[in-house]
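The values are calculated or read from the model by the stated rules, or taken from the named source; none is laboratory data. Worth saying up front: this structure is predicted, and the values here are computed from it rather than measured. Glycine gets a Cβ as well: all are built from the backbone with ideal geometry, and neighbour counts include every protein chain shown. Remember, those area values only see protein heavy atoms, side chains included, never the ligands or the DNA or RNA. Shrake-Rupley method; radii C 1.70, N 1.55, O 1.52, S 1.80 Å.
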Amino acid sequence: MRADRQKLVRLLKTARGQVDGVLRMMEEDQYCIDISRQILAAEAVLRRANSEILKAHLDGCVKQAFETGDEAEKQKKIQEIIEVFDALSR
């Protein structure tokens, strides 16, 4: 993976902390809207982490496949990206 590992680890640890916070809030029977906001914050951090990984994939793996790969490899990379976009749109 060519993404900035330190940045990704920091983002994922932040998301984990937020999810732990949500669990604590649930156990403490805190206000629903506050819990919802915390969940939205965790989702936003995970989206940023995913975006960084996808950018690195496009700039690394996909770019390399188009520079040096055969047609089958190029089609495979295109299909992978399509599947990710499909999953993101659900």
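Miscellaneous remarks
- If the condition is being in a helix (DSSP H, G or I) and open to solvent by less than 90 Å² (accessible area, probe 1.4 Å), then region 65-79 contributes Ala65, Ala72, Glu73, Lys74, Lys77, Ile78, Gln79.
- Listed conditions (1) over 22 Å from the mean Cα position of the chain (by Cα); (2) open to solvent by 70 Å² or more (accessible area, probe 1.4 Å); (3) not polar (S, T, N, Q) are all met by Ile82, apart from (1).
- Filtered by the rule that a residue be under 30 Å from Lys63 (Cα atoms), hydrophobic (A, V, I, L, M, F, W, C) and either surrounded by 12 or more Cβ atoms within 10 Å (Cβ to Cβ) or modelled with pLDDT of 95 or more (or both), region 1-50 gives Ala3, Leu8, Val9, Leu11, Leu12, Ala15, Ala44, Val45, Leu46, Ala49.
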